1. For segment D:158-188, what are the residues that are facing another protein chain (nearest Cβ under 7 Å), outside any helix (DSSP H, G or I) and closer than 21 Å to D:Ala5 by Cα?
2. Is there a residue in segment A:233-243 that is crowded, with 24+ Cβ neighbours inside 10 Å and closer than 13 Å to A:Gly15 by Cα?
3. Is there a residue being of a type in the set (Asp, Glu) and within 27 Å of C:Phe101 (Cβ to Cβ) anywhere in segment C:216-223?
4. Would you please name the residue that is nearest to the other protein chains (Cβ to nearest Cβ), looking only at residues in segment D:272-288 that are in a loop (DSSP other than H, G, I, E, B) and crowded, with 23+ Cβ neighbours inside 10 Å?
5. Quick check, is B:Gln137 over 15 Å from B:Ala84 (Cα atoms) and either at pLDDT 95 or above or among the hydroxyl-bearing types (Ser, Thr, Tyr) (or both)?
6. Could you check how many residues of segment D:24-49 are over 26 Å from D:Leu314 (Cβ atoms) and assigned to a strand (DSSP E or B)?
7. Which residue out of C:Arg71, C:Arg33 is more than 21 Å from the chain's Cα centre (by Cα) and touching a residue at least 12 places away in the same chain (Cβ under 8 Å)?
8. For residues that are of a type in the set (Ser, Thr, Tyr) and closer than 18 Å to A:Leu138 by Cα, scanning just segment A:14-33, find the one that is modelled with the highest pLDDT.
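The values are calculated or read from the model by the stated rules, or taken from the named source; none is laboratory data. Everything numeric in this text was worked out from a predicted model, so none of it was measured. For neighbour counting, all protein chains shown are included, and Cβ atoms are generated from backbone atoms with ideal geometry for every residue, glycine included.
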4 protein chains.
Amino acid sequence: MCTAAVYKTKDFYFGRTLDYDFSYGEEVVITPRSYAFHFRNAEVMERHYAVIGMAHVEGDYPLYYDAVNERGLGMAGLNFVGNAQYRKAVQGKDNVATFEFIPWILVQCATVREARERLARLNLTEDSFNRDLPVAQLHWIIADREETIVIEAVKEGMKIYDNPVGVLTNNPPFGQQLFQLNNYMQLSPKEPRNHFSEKLSLRSYSRGMGALGLPGDLSSPSRFVRAVFTKMNSVSGNSEAESVSQFFHILGSVEQQRGCCEVGDGKYEITVYTSCCNADKGIYYYTTYENRQITAIDMQKEDLEGNQLIKFPLVQGEQIKMQN
Amino acid sequence: MCTAAVYKTKDFYFGRTLDYDFSYGEEVVITPRSYAFHFRNAEVMERHYAVIGMAHVEGDYPLYYDAVNERGLGMAGLNFVGNAQYRKAVQGKDNVATFEFIPWILVQCATVREARERLARLNLTEDSFNRDLPVAQLHWIIADREETIVIEAVKEGMKIYDNPVGVLTNNPPFGQQLFQLNNYMQLSPKEPRNHFSEKLSLRSYSRGMGALGLPGDLSSPSRFVRAVFTKMNSVSGNSEAESVSQFFHILGSVEQQRGCCEVGDGKYEITVYTSCCNADKGIYYYTTYENRQITAIDMQKEDLEGNQLIKFPLVQGEQIKMQN
Amino acid sequence: MCTAAVYKTKDFYFGRTLDYDFSYGEEVVITPRSYAFHFRNAEVMERHYAVIGMAHVEGDYPLYYDAVNERGLGMAGLNFVGNAQYRKAVQGKDNVATFEFIPWILVQCATVREARERLARLNLTEDSFNRDLPVAQLHWIIADREETIVIEAVKEGMKIYDNPVGVLTNNPPFGQQLFQLNNYMQLSPKEPRNHFSEKLSLRSYSRGMGALGLPGDLSSPSRFVRAVFTKMNSVSGNSEAESVSQFFHILGSVEQQRGCCEVGDGKYEITVYTSCCNADKGIYYYTTYENRQITAIDMQKEDLEGNQLIKFPLVQGEQIKMQN
Amino acid sequence: MCTAAVYKTKDFYFGRTLDYDFSYGEEVVITPRSYAFHFRNAEVMERHYAVIGMAHVEGDYPLYYDAVNERGLGMAGLNFVGNAQYRKAVQGKDNVATFEFIPWILVQCATVREARERLARLNLTEDSFNRDLPVAQLHWIIADREETIVIEAVKEGMKIYDNPVGVLTNNPPFGQQLFQLNNYMQLSPKEPRNHFSEKLSLRSYSRGMGALGLPGDLSSPSRFVRAVFTKMNSVSGNSEAESVSQFFHILGSVEQQRGCCEVGDGKYEITVYTSCCNADKGIYYYTTYENRQITAIDMQKEDLEGNQLIKFPLVQGEQIKMQN
C-alpha cells in the first residue's frame, strides 16, 4: 500500500511511498498562486498558496497524492480501505470531497495549527471526482516542522490524532498502529543484553541482533513498525544531500519489491514512486521503481504567480551512469 | 555485515552489499590478463582470466571483496567472525591465503565445476597480507549461471555447501542458515488463508499479510531469510535495465540504514556499497550509501590484455538530477 | 493477569484462571436463593437465583471473581487496568458498583439475552466496597451455552462486544484483542505447507510446526491468542470427566509458572487458581497452583433455599496419591 | 513429541513429557538389583543398580522411556527422527542396541562422569527389539545433580554435548537448539524497558511483556526455548511438595493439548504422560493427560534385592475430589 514519513535535520522533509500494482499516470505538479480552484461546495478560490506535489491531472485538476505548500505544510493521502467512511454534505460544515482535501488544506493553511482550525469545521463528503474515478478510501497525514497529525473519517466520525512518530501506513486505524509499538519497546539498534538467564552465557553472534523481532513483511502494520524504528533511530548529516539521501534510506526500509506482494492474476504491488520534499525550500525529490536516481524539481525556479498548472512528467527508466 | 545474491534473467547477475561502519577505501578494479599475480605459496601467474570487481588496492595488489571473471564466474567474501578458522601451510595442498582466495579462483576457473576441483586441493592459510591488515574471518560464495556454492573453513575443516537459494549473509554457518528456512515455509507473497479456525471469520486487512512472520531486523540470519524470500519470489523483465534494477531492489530489502545498527561509540553499520555484476557481459554496477544512482563500468571497454590494474574510484555523493 | 474461557461439549463449561502475585483469600461460595442481597443503589433483593463461584467474602458479602447461576449463566471479572473507567451514579439508570456487578447480573438473569436487557440500563459506578478495598479496574465476560459477550466501561462509555471466541484476557480493549487474531490466521494445528518458494524443498522437521508464530509469553495479548488457538482447535470426548479434563488443559496453555513473570521485589505472578464450572449442572471444579488435583463442589448437593452463604475453603497443598 | 527437564532444589529432579498420538501401554517399572539383564552383545548382568522409570514391558523386558537409578542418575530417550543414525556392531566397542541403552547406562553408572567413560567405548547398534518394534530414532539426556549431557548418534558419528540448560526436546540436533537460544537473549521475566526510541513514551500495558517473542507453538524448537525460559527462571520452595509441584508446572509450559497438533486422519499428539522423579530418593511421580492428580511410587518401599520386575499400571481417569 503506502508509507509516509517526515524527517527533520536542518530543514524539514516530508514524503511517502506509493505502493500499488499499477499507476494512474502521476506527475509532479506545481499549482501556482493564481490557479483558480473550483471546490464543489465552496466558492472559487482565485488566489492562494502555491503547492508542489505528485498528482494525477484529470481535466486540468490536480488530484494530489502528496504535496507541500510554499509555507512548509505537507499532506498526503494513504489507502485506508474498509475503515474510511465519508458522509453526505451537511449544512453548517465545510463540505469537502476527498479528492479536494489535500489542496483545500494546503492552499489555505500555513501550519498544522491552522489546519486543525479548518478540520474543526470539516465534513468529508462521499462525492467522487467523476464516474470513472470512484472515491478512494483514504486517511491523511498533515505535517509541518513542529507537529504531525493524522485524519481519519471512520464510522464513528472524524478523528484527529497527534502523530508523535511522524509515520503513516494503512490499516488498521492509527490509534491501533501507534499502540502496537508498545509490543516492540525492547527492540534496539544496540547490541542485545542477556536478560533471558544470568546462568547462561548467551551471546550476540551477529551485529543487529538488538532488533530481533522487528517485522519484515510488507503488510501495513509491519511497515509501520519498521519505518518508525528506522526513522526514530535514523542518524544523518544536516546538509541537503545527506538529509535527502537518508530520507530515501528510511523509506527504503519499507520498499515493496516486485514479486513479494501478489495481489492476484500475476499482479504485484510495488513501490511505484518514493517522494521526499524539502518543505522549507519547496524542492520535490522523487525516485521510481525503475529509476533509482533521485530527480528533483525546485518550485522556486518556476513562476509561482501563474494560473496554469506546471507539470513535470516523471523521468522513467534506470538512469545508469557509465564510468568508462 | 553483508549480503550476497545471485539472480538470473536472460543474463546472470552476481552482487552483494558491503555493510560496515567504515570503509577501507575500495574502488572498482579490473585485473587484466597479463597482470602478474604473485601468490604466496605458488609461482607467479603471468597470464590468466581477466577479473572485474570491488577491491581495496594495497601495494598494487587487488584485495577483492567481490569480483567476476571474464568467463562469468563470480565470487565474494563475507564476514564469518567467530566461526572461520584457517590453518598453517601444509605440504601436498594448494596453500592459499584468504586475501588471495578470490583472485586464485577467478583467474584460473571458468565455472563452479572447475572451482570445485581446485577446492579439493585447497588449504586456506592464516597468512595475513601485511602487519596492518589482520586476516579477515570470512566465508565465500562462488557462483556461475548453473550453480552456487559456499565455502567455509571452520574448526572441523573446510566445508563446501551447495547453495540452492543463491544468497549468503554471515553467521551462523551456512547449513544452519539454510535449515532455518524451514521455519518460514508457510510464508507467502500471496494473501493468507484462514487455517487458524474454520469457526472464525478472520480476514486479511492489508495486502502483504501472507508473509507475516518474516524477520525485519538487520541481523545476519534475518537478512538471510528476507533476502531469500525476496529473491526467490522476485519478478522482473529480462532486459538489462530491468534485471539490474530488480537486483538492486532485491538487495535493497536487506539494506542497512544509518542508525539502525549501532556498533558502539556512536558508530553505525551501513550498507557502504551495493554491487551487481552482469557476469555474462562483465559490466559491474554499483551504488553507495550516499549515491543511489547506479554507476557502471564495462570491462569489455578496457584493454584486457594489459599488465596493470585499471582502477575506478567510486563516484561519491548523491547524483541528483534537476528536472527544472 | 487472568484468562477466562467457555467450552461446550454435551454440557456448557465456564471458567478462568486468576493470575496474581498474592491471594485475597478466596473460597468457593454458594449464594442460596434467599440470601438477602443489599445493592447500594437498589432495594434489597430477598429472593433470586442461586449462584456458585469463587469469591472473597468480606462482611458476609460475596465478592465474586467468577460465578455461575443455577440457570447456566456464567460471569467473570478480569483485570483491565488503565482502560476501565467508571462513573458517578446517575438518575434514570441502574447504578451498580463494580463489586456488585457479577451478583447483580447472575441473581436476576437466566441468559445472556436477559443480561443484555439489564446492561442497556446499566451505569457502573465508581463506588468502592469499603476503604480498604479500592475499586478494581475490570472488564467482564458473560456467557451461556448460546452466546458470549464482553462488557467494558471505558472513557467513551460502556461497550458490549459479541465474543465469538469465548475467551477473555486483559489489556488491550477486547476489540483490539479480537482484531489481532487476523494476524495469526495462517497458523494451523496441521502440518505446514511450503508457500515460501516452490523452487525450494522446505520441510517440516517437527510435529507442530504449523503453528509457528503463536506467541508463548504471558502477556495478555499473547495469552489471548494462545488460549483462542487452543480452545478453537480443542478436541475432546463429551463425558463430564473428559470435558472437565480438556477444559483444564485449555487453560493450562496460558498458565503462569512462578518465576516467569516478575512484578518487582522478588514477587511473581502465578496462576493462583483455575476454575471450570459445569454451568448446566452447577458443579464448580478448581485447581490451585500448589494443588493440581481437581476438587469439585456440587451446588445441587446443598440446600439452595437457604439465606446464608455456604463457603468451602480451598483444598491447599499438593494431593499426591501414593501408589505403593 | 517430548520434552525432558532436570530441576534442582534441595533434591534433584528428573522428568519428561511423552507426547504422542497413541500409547504403547507404559507403566512404572522397578528393575530390582538381581533382575538378570540380557544384553544382546554382552554377558548377562546378574547384579546391578536398581532402576525405576516408565517402561513398556515386552516379554519381561523393560523398554524404558525414562528412568532413574538408585544412585541418582537419570536418563531419558526422546524422538530424534530423521537425524538419528545407528550402526552395525563392531569389534572392540561396547555394542548396545538403542532399546538397551537406558538400562545399560543406569544399571552400571552412578554418575554422569561414569556414564561418559562408558560412552567412550559405546557403539549404538541398529538392532531392533523384535520384528514388531522397529528401532526408534532417539537421542538421550543423561543427568545427575552435578551435570547434564545429551547423546546423539548421527551420520557423522556419536556426539556428546554438555547441556547447560538441562532441557531436551527433539529436532534439530542439540547444538542447533542450544545455539538458537542466543536469538532470545533479550527476553526477560521482568517488565520490559523502552530501547526502541527515547523520544517515544512506550509503555508496558500488561504484565509479562518482557518475554514477548517467546514462541508458543508445539514444535520442538519452540518447546525447547519455552521450557528453558521457564526452567531457568523458575522460583519455588525447597520442600518435596513444592519442588515436585513446580517441576510439573515447568513441563506444563510445553504440554500438548488435544487438538493443537494434528498428525493426520483426525489423530492428535497429546502429552500422554508427564513424569518427575526425585532422583535422590527414588520416588517417581507422574500425571497423565486424563489424570491431573500426581501419583507416586517410592522405589524404597519395594524390595530392591529381588529378581523380578515390579510393575505399577498407571492410574487412569481424572481423580476428582468431591468437596461436598
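1. Matches in segment D:158-188: D:Pro164, D:Val165, D:Asn170, D:Asn171, D:Pro172, D:Met185, D:Leu187, D:Ser188.
2. No, segment A:233-243 contains no residue that is crowded, with 24+ Cβ neighbours inside 10 Å and closer than 13 Å to A:Gly15 by Cα.
3. No - not one qualifying residue is present in segment C:216-223.
4. Of everything passing the filter in segment D:272-288, D:Gly282 is nearest to the other protein chains (Cβ to nearest Cβ).
5. Numbers: over 15 Å from B:Ala84 (Cα atoms): no; either at pLDDT 95 or above or among the hydroxyl-bearing types (Ser, Thr, Tyr) (or both): yes.
So B:Gln137 fails the test.
6. Residues flagged as over 26 Å from D:Leu314 (Cβ atoms) and assigned to a strand (DSSP E or B) within segment D:24-49 amount to 1.
7. C:Arg33
8. Looking at residues that are of a type in the set (Ser, Thr, Tyr) and closer than 18 Å to A:Leu138 by Cα, I get A:Thr17.
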